[in-house]
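Scroll down for the structure; my scribbles are underneath it.
The values are calculated or read from the model by the stated rules, or taken from the named source; none is laboratory data. These figures come from a predicted structure and were not determined experimentally. Here the Cβ is made from the backbone with ideal geometry for all residues, glycine too, and neighbour counts use every protein chain on show. For accessibility, only protein heavy atoms count, side chains too; no ligands or nucleic acids. Shrake-Rupley method; radii C 1.70, N 1.55, O 1.52, S 1.80 Å.
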Amino acid sequence: MEKQFVTVDGIPVEINGEKNLLELIRKAGIQIPTFCYHSELSVYGACRMCMVENEWGSLEAACSTPPKAGMKIKTNTEKLRKYRKNILELLLANHCRDCTVCEKNNDCKLQDLARVFHIEGVRFPNNAPEVKKDESSPCIVKDQSKCILCGDCVRMCNEVQNVGAIDFAFRGSKMVISTAFGKPIKDSPCVGCGQCVSVCPTGALVLHSEAEVIWDALHDSSVKTTVQIAPAVRVAIGKELGVKNGKNVMGKIVAALRRMGFDEVYDTTLSADLTVMEETKEFAERLQSGKNLPLITSCCPAWIQYAEKKHPELLDNISSCRSPMQMMASVLKEMNKDVKHFHVAVMPCTAKKFEAAREEFIVDGDKNVDAVLTTKGLIRLIRESGIIFEELEPEAVDMPFSTVSGAGVIFGVTGGVTEAVLRKVSEDKTRSNLLTLANLGQRGSEGIKEFEIPFGERNLKIAVASGLGNAEKVIRRLQAGEQFDFIEIMACPGGCVNGGGQPSANKDINARNVGLYQADKNSVVRRAEENPVIADLYKNVIKDKAHELLHTTYRKR
Amino acid sequence: MENKIDFTVLDQAISEFGTEKKALIAILQRAQEVYRYLPAEIFPYIAEKLDIPEAGIYGVATFYENFSLEKKGKYVIKICDGTACHVRKSTAILDAMRKELGLSESKKTTDDFIFTVETVSCLGACSSAPAIMVNDEIYPTMTPDSAVELLKSIKEKENV
Amino acid sequence: MFKNVAELRDYRNLVKAALAKEKLRIVVCGGAGCVSKGANKVYEKFLSIMKEKNIEFSVVLEKENAKDVRLKKSGCHGFCEMGPLVRIEPTDWLYVKVKEEDCEEIVEKTVLKGECVERLCYTENGKTYVEQKQVPFYKLQTKLSLFNCDKIDATNIDEYLANDGYTALEKAPFEMNSEDIVNEISESGLRGRGGGGFPAGRKWSQVARQKNFPKYVVCNGDEGDPGAFMDRSVMEDDPHRMLEGMIVAGIATGASEGYIYVRAEYPVAVAKLKNAIKQATEYGLLGENILGSNFSFTIKISRGAGAFVCGEGSALTASIEGKRGMPRVKPPRTVEHGLFDKPTVLNNVETFANVPLIIVNGASWYKNYGTEKSSGTKAFALTGNVKNTGLIEVPMGTTLREIIFDIGGGMRDGKKFKAVQIGGPSGGCLTEEHLDLPLDFDSLKKVGAIIGSGGLVVMDESTCMVEVARFFMNFTQNESCGKCVPCREGTKRMLEILERIVEGKGQDGDIELLEELGEMISAMALCGLGKTAAGPVLSTIKYFRNEYEAHIYEKRCPAGECQKLKTITIDKDLCKGCSKCARLCPVGAINGKIKEPFEIDQSKCIKCGSCLSACPFKAIKEN
């Protein structure tokens, strides 16, 4: 077929399957401003910042106009510049302008565009009614005064996550983003996945910060501080700290945490290995008895809350295994019973904050995980400490948990838990079988992946879903009578690498996946059961307390 | 004054309009007609039957003018503020009625739930401007005085 | 249930013959205007008097043994100002402002003796008009889409059939194929009557081309413009004609299901339409294999819940789908992805009402009416400060002068014409210089106005144009869905500025800021409501800039309408010092000694006017 072109500011740009002008224009090296466009969400077209001028002088929204051969558009004309400034001024007029004390200072699209477009003053009074922040959720904080109503969070919560905790309410200049009846977020169907925070262009939705209690513990010399780092953190943190996105910087993180004052630093990957052991055992039992199949994974706390709120009928199917974070925490708390001990978990996840506060994980009033630090939160702490991250020499985690397996590392990516479990389940322990097991279909960032593998006299039917909307699709099929043996569910699209607590991946999730698979490949131990530390743990710490320390229960919410 | 919500109203509406998402507005309209407002208790019920998140139903309920989340009066008085009525001074009628009933822009219903006074953008009775509507009946060519008279006659009927 | 065309024709002949047997009909107008003025009581009175006098009469069309005398309640006659209206058929005598007390005389003279009660006939400038068709209000009108409204009893399908209703269905599914129908409609030049004026034939052909089924026909009955009630009349007074138009659209485009979206404020229209759908279904004119053809079509009603923006196509379909009525970005267009994401023909009530006529009489007949590029007629709701308010229909191209001064009878109370607001909150104003402008889609567009849905609000010298602009902006701002920034935030700020201007707090630069925002909103807003939101403001600034300037720089309202810009003073010579005003003043702005003239402290006065009506000596005045 002949090549087709759109002329953008006088330069011909080839059309190559772009859905809309916006993507085509970006290809031409021009960054069109937008607030409400996200390629993974439906086109909303409300901010009107991406308007471009056609050859007849009228304006059209680049986000919703498909490219057609022969189009001639201009992206920066006198009219457009004036109108975009008008829009920014109107948005700023209603907006809380305490930028310097905003969580999103320097990371805010509104602030950024206001600077880029040289908005020098606002001619309208801010007469928006004062609204209290909603700080009821342990995971996220909502501040209406900073909302520009782009609707990104609403579409994320409804379209992608199928949670529907928030939606638009009222209309016109009274429109707000709201839970039903404006109830506190904690009383809504919110599962704390934090994906709304990831797409919010301003400070209207931010993560709940626990930085202060962590500093307090670090500065209290009578308290022993321990910290664990989840697999997905190591490939996402670098981007913000002068290292390439996707590069595994675990060693630098360990070094940074030690400099900040943590007494002991551990890798959650170890407890992921523990999870593999326990979950595989459970899976084998269920396969044997034929009861409560499929087994559904339990590592993701947002998924757990989703199931507890929307699908209580599935609770018996969910693995009783605690998440790796909680396994590590209960083991550490068990080991440090006799000292004043404060345990922090560095997680790619916002829902972990809710998980840490679950009553099942509070023993005699003491939380197993005392504070959860998201990747973004850790970046803040590192900056606050003045540590120049990129210059740090890598360090190893503390003994006795310094050996971790590659199986545990890939927990951070969708399909990873499944692959780790299959490595244990499969009787063929050769190196070449690892390659076979890597190519069953669980890898890749598609929302739903399915495959079958032979097991004894039958095939195991396995599904891997990431994104709660995708999980819901699988559940509907399950309810319609389809048989599965094992289902892995991660609430965030792509898994923990794209978690709500991570710095925005900007479509480059793949680099993070590659980083984790590379870490797996480089591991000396590739299977959980081959990790010598695990055997020691069972023997010396867990002993007969496996049930008490490593398993949990769920309830309808 | 705690009224028990009669859910059979909803069941009837649901069996009449179905459980597809498109039935939502019709079901809410029925609820509004019967209860004279949309009680919070019905939201989870409808949410489950139609598989729409409560926040979404709340979004629809607050988008359309005809839905009310607060209980309305037995007599809902709509004062037309359409163009024709406006140029024939409908605002004076609104002011007079509010004054008579002790209502305001923010307080639209009397404490005894007899009267609700609100404005409507146009009743389509422009030739009878200024017009008001009490429940479903239109009263033409009103004046502030005749509006107050009307209120008095209703009050008499209701013994308040 | 008619199984084929022959059965329908036979039945029509039967009801036609019955209708012809009626020798005298008392037709009481049942339009909203007349009803609100007591038409129902007049009807009841006729009923009881005729019973009392043992006059043999019927109230419905009797198929078998029709009576000589018939008492009928019809739809809107249009001349709402003069209601309640009663017309005598077939003599065409028109009685205006009929009261219950007049009924006895009408029965005595007209029914029993065949005489006209001339004292009830319409009089203008000393001349009495006996026949309706001679009355200037009617004489200049051409009723096509409203033709049946003042004639038939809309609750009875037989009356529609007797007046040649559903004739298009004898033709469309049998003698014409989809392409023929689309061609006929295209050829007729029919353009959408809802505002945009998009050629209906082109829209239909775009839907007919789609291969994605099912397809839908949607009728927009969300007539939300304040000051417009044409569609209401068609839906309430001639619902079958609309259904017929929709069915034809279904045949033309391959749609099998229709939806009528009726605004919440029209409960009567909903009831009449429901009844009409039921009757048409019973007669086999809706449903499976209509009249034995292979075409099936059903129609459902969707009631609005109170949101002006639902008049916008994609907001309307969202509302039918049970969602918030927020317009979506286009493309994709409604013709491809409309209701339930399927190809959809969306036209308004008046557009569909024209369709059967075009099918039956042909495109070239239709083109006899109106102008070359805007064929046919247009219904307008004539309101405001004009003598004869009401519902009218005129050929496209009729001038404003003819409408206001000939049909409308000129200005009320002898005041001077100032402007007319056309097209509601999406439109603009036209002034004296436009009085001879032919009203059609294109000439209006040239002067920055639109026909819109057809509201014409006539304003005289006592109307403040800034206040008019504020009124419309207040309306639009209230009705903005809130989705796009230009409309949500822009209209809010424009309203703020207009409010301060009419309150006498306008600032230098306000007019320019209004223009700046208005221009931006028009270019940038997402939907039609937003794009036209600034129309009334921009056009009043264009033609009445001096009024804005007087408000801002002289703190004066030239029309004397803006309350906050009035000065209220006490005439010292008339004031007796009774202190009544001072006691009533809510802000304590009036002071004085008993039995001496009081004075108003202008810095405290909030111009509420309480004192004005309270003064027993008429000593308090405002200017």
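A few comments on the model shown:
- Hits in segment A:291-319 - residues which are charged (D, E, K, R) and either crowded, with 24+ Cβ neighbours inside 10 Å or part of a loop (DSSP other than H, G, I, E, B) (or both): A:Lys291, A:Asp316
- Test result for A:Lys109, at pLDDT 95 or above, in the same structural domain as A:Phe168 (by TED's automatic domain parsing) and closer than 30 Å to A:Ala302 by Cβ: yes
- Restricting C:Gly482, C:Gly518 to those that are assigned to a helix (DSSP H, G or I), within 12 Å of chain A (Cβ to nearest Cβ) and open to solvent by less than 10 Å² (accessible area, probe 1.4 Å) reduces the list to C:Gly518.
- A search for C-beta distances below 6 Å between a residue of segment A:238-251 that is within 10 Å of A:Glu390 (Cα to Cα) and any residue that is of a type in the set (Phe, Trp, Tyr) and crowded, with 20+ Cβ neighbours inside 10 Å, counting only pairs 6+ apart in sequence or on different chains, returns A:Leu241/A:Phe389.
- Matching entry among C:Glu81, C:Glu108, C:Glu62 (being touching a Lys or Arg at 6+ places or on another chain (Cβ under 8 Å) and either at pLDDT below 95 or open to solvent by 40 Å² or more (accessible area, probe 1.4 Å) (or both)): C:Glu81
- Of the residues screened, C:Glu282 is not one that is more than 25 Å from C:Lys3 (Cα to Cα) and acidic (Asp, Glu).
- Meets criteria (open to solvent by 20 Å² or more (accessible area, probe 1.4 Å) and either of a type outside the set (A, V, I, L, M, F, W, C) or within 14 Å of chain A (Cβ to nearest Cβ) (or both)) for C:Glu393: no
- If the condition is being surrounded by fewer than 20 Cβ atoms within 10 Å (Cβ to Cβ) and touching a strand residue (DSSP E or B) at 6+ places or on another chain (Cβ under 8 Å), then segment C:265-300 contributes C:Lys274, C:Thr281, C:Gly287, C:Ser296, C:Thr298, C:Lys300.
- Selection within segment A:153-182: residues that are more than 13 Å from chain B (Cβ to nearest Cβ) and within 16 Å of the chain's Cα centre (by Cα). The member of this set that is least open to solvent (accessible area, probe 1.4 Å) is A:Met156.
- Test for A:Cys147: is it touching a Cys at 6+ places or on another chain (Cβ under 8 Å) and open to solvent by less than 50 Å² (accessible area, probe 1.4 Å): no
- Which numbered condition C:Thr123 fails, given (1) outside any strand (DSSP E or B); (2) without any contact (Cβ under 8 Å) to a residue 24 or more places away in the chain: (1)
- Residue in segment C:306-326 that is closer than 27 Å to C:Phe174 by Cβ and either assigned to a helix (DSSP H, G or I) or open to solvent by 20 Å² or more (accessible area, probe 1.4 Å) (or both) present: no
- If you check A:Asp107, A:Asp112 for being surrounded by fewer than 17 Cβ atoms within 10 Å (Cβ to Cβ) and under 29 Å from the mean Cα position of the chain (by Cα), only one passes: A:Asp112.
- Matching entry among A:Lys247, A:Lys239 (being within 16 Å of the chain's Cα centre (by Cα), assigned by TED's automatic domain parsing to the domain that holds A:Phe401 and more than 30 Å from C:Gly530 (Cβ to Cβ)): A:Lys239
- Residues of segment C:1-29 satisfying the condition of being open to solvent by 20 Å² or more (accessible area, probe 1.4 Å) and in a loop (DSSP other than H, G, I, E, B): C:Met1, C:Phe2, C:Lys3, C:Asn4, C:Lys23
- In segment B:53-106, the qualifying residues are those that are among the hydrophobic types (A, V, I, L, M, F, W, C) and over 19 Å from the mean Cα position of the chain (by Cα), and the one that is farthest from the other protein chains (Cβ to nearest Cβ) is B:Ala96.
- Note on segment B:59-160: enclosed helices (runs of 4 or more DSSP H) holding 2 or more residues that are open to solvent by 50 Å² or more (accessible area, probe 1.4 Å) and free of Cβ contacts under 8 Å to residues at least 12 places away in the same chain are B:90-101, B:144-158.
- Sole residue being within 30 Å of C:Leu513 (Cα to Cα), in contact (Cβ under 8 Å) with a residue 24 or more places away in the chain and open to solvent by 50 Å² or more (accessible area, probe 1.4 Å), chosen from C:Glu599, C:Glu554, C:Glu549: C:Glu549
- Of residues in segment C:141-189 being over 26 Å from the mean Cα position of the chain (by Cα) and of a type in the set (S, T, N, Q), the one surrounded by the fewest Cβ atoms within 10 Å (Cβ to Cβ): C:Asn177
- Residue satisfying all of: in segment A:428-466; surrounded by 13 or more Cβ atoms within 10 Å (Cβ to Cβ) and among the polar types (S, T, N, Q); farthest from A:Glu482 (Cα to Cα) among these: A:Asn433
- Where C:Arg488 falls short, out of the listed (1) among the basic types (Lys, Arg); (2) free of Cβ contacts under 8 Å to residues at least 24 places away in the same chain; (3) more than 16 Å from C:Lys531 (Cβ to Cβ); (4) at the interface with chain A (Cβ under 10 Å from one of its Cβ atoms): (3)
- Enumeration of residues in segment C:498-515 that are open to solvent by less than 20 Å² (accessible area, probe 1.4 Å) and more than 9 Å from chain A (Cβ to nearest Cβ): C:Leu498, C:Ile501, C:Val502, C:Gly504, C:Gly506, C:Asp510, C:Ile511, C:Leu514
- Scanning segment A:320-342 for residues that are touching a residue at least 60 places away in the same chain (Cβ under 8 Å) and either under 23 Å from the mean Cα position of the chain (by Cα) or part of a loop (DSSP other than H, G, I, E, B) (or both) gives A:Ser320, A:Cys321, A:Arg322, A:Pro324, A:Met325, A:Gln326, A:Met327, A:Met328, A:Ala329, A:Asn336, A:Val339, A:Lys340.
- Segment A:382-397, residues that are touching a helix residue (DSSP H, G or I) at 6+ places or on another chain (Cβ under 6 Å) and not in a loop (DSSP other than H, G, I, E, B): A:Ile382, A:Ser385, A:Phe389
- From the list C:Lys99, C:Lys73, the one residue that fits, being open to solvent by 40 Å² or more (accessible area, probe 1.4 Å) and in contact with a Phe, Trp or Tyr (Cβ under 6 Å, 6 or more places away or on another chain), is C:Lys73.
- Residue match in segment A:4-22 (condition: within 11 Å of chain C (Cβ to nearest Cβ), among the polar types (S, T, N, Q) and open to solvent by less than 60 Å² (accessible area, probe 1.4 Å)): yes
- The criterion of being under 18 Å from C:Phe380 (Cβ atoms), crowded, with 24+ Cβ neighbours inside 10 Å and of a type in the set (Asp, Glu) does not hold for C:Asp222.
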